[in-house]
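What follows draws every value from the coordinates through simple rules; no lab data is involved. Just so we're clear, the structure is a prediction, and the values are computed from it rather than from any experiment. Neighbour counts run over all protein chains shown; Cβ positions are idealised from the backbone, glycine included.
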Amino acid sequence: MERTLVILKPCTIQRGLTGEIIARFEKKGLILEGMKMTWLTDEILSEHYAHLKERSFFQRVKDAMAVCPVIVCCWKGVDAVNVVRTLAGATNGRNAAPGTIRGDYSMSVQENIVHASDSPETAAIELKRFFNEDELFSYETKNLLSLYANDEF
């Protein structure tokens, strides 16, 4: 099974959508292995968004992510990265399909509810950035056979 990172952005916290968004991932069948609230420093934001450094909106992204604390989550499941990204929907909330998190809760490209890792490789890097190993918990889930066929996990 695969792990992935989800960040519930400040807009999610400010709008009181935390429980609803977490419930969407849980209802899908993803397994929560870590969660914490944290205030992102400029250093962490510069590292996390380094791939946008040369873009005109780099500072806007960092400013938006520093408005208030965020909630970082580690989710696990078969193809977790793709499952989370499908649930999240298109980056621009105005273009996201109804039924996706962004399609249901966002009208913005920036204030788009969640950050989701874009590949298993990126997820591994991002999880190390936001969690210490002792903050992630692997445990036996009793309902795996009701989530997957026995040869899927």
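With the condition kept exactly as written, say whether any residue in the range 90-100 is of a type in the set (S, T, N, Q), within 24 Å of Leu147 (Cβ to Cβ) and over 13 Å from the mean Cα position of the chain (by Cα).
Within the range 90-100, one or more residues are of a type in the set (S, T, N, Q), within 24 Å of Leu147 (Cβ to Cβ) and over 13 Å from the mean Cα position of the chain (by Cα).
Test Gly99 against the stated conditions and say whether it is in a loop (DSSP other than H, G, I, E, B) and not aliphatic (A, V, I, L, M). Walk me through how you get there before you give the answer.
Working: in a loop (DSSP other than H, G, I, E, B): yes; not aliphatic (A, V, I, L, M): yes.
Spelling it out, Gly99 is indeed in a loop (DSSP other than H, G, I, E, B) and not aliphatic (A, V, I, L, M).
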Inset, instruction - Could you tell me which of the residues Leu87, Leu145, Leu127, Leu52 is surrounded by 14 or more Cβ atoms within 10 Å (Cβ to Cβ) and over 22 Å from Gly19 (Cα atoms)? - result: Leu52
Inset, instruction - Being closer than 18 Å to Glu2 by Cβ, part of a helix (DSSP H, G or I) and free of Cβ contacts under 8 Å to residues at least 12 places away in the same chain is the filter here, so list the residues in the range 123-153 that pass it. - result: Ile125, Lys128, Glu133, Leu144
Legend entry - Given (1) over 19 Å from Lys28 (Cβ atoms); (2) part of a helix (DSSP H, G or I); (3) polar (S, T, N, Q), number of the condition Asn92 does not satisfy: (2)
Inset, instruction - State which residue pairs qualify: first residue within 14 Å of His48 (Cβ to Cβ) and inside the range 58-81, second residue among the charged types (D, E, K, R) and assigned to a helix (DSSP H, G or I) in any location, beta carbons under 8 Å apart, and separation of 6 or more residues or different chains. - result: Lys62/Asp42; Ala66/Asp42
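Out of the residues in the range 104-118 that are touching a helix residue (DSSP H, G or I) at 6+ places or on another chain (Cβ under 6 Å) and part of a loop (DSSP other than H, G, I, E, B), state the one that is nearest to Glu20 (Cα to Cα).
So in the range 104-118, the residues touching a helix residue (DSSP H, G or I) at 6+ places or on another chain (Cβ under 6 Å) come out as 110-114, 116-117.
Going one step further and asking which of them are part of a loop (DSSP other than H, G, I, E, B), we end up with 110-113, 117.
On the way: Gln110: 19, Glu111: 16, Asn112: 14, Ile113: 11, Ser117: 20 Å.
Step by step, filter the range 104-118, then rank; the result is Ile113.
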Inset, instruction - Could you tell me whether the range 56-77 includes any residue that is within 17 Å of Ile125 (Cα to Cα) and among the basic types (Lys, Arg)? - result: yes
Inset, instruction - Out of Val67, Val78, Val109, Val61, report the one residue that is closer than 22 Å to Met1 by Cα and surrounded by 13 or more Cβ atoms within 10 Å (Cβ to Cβ). - result: Val78
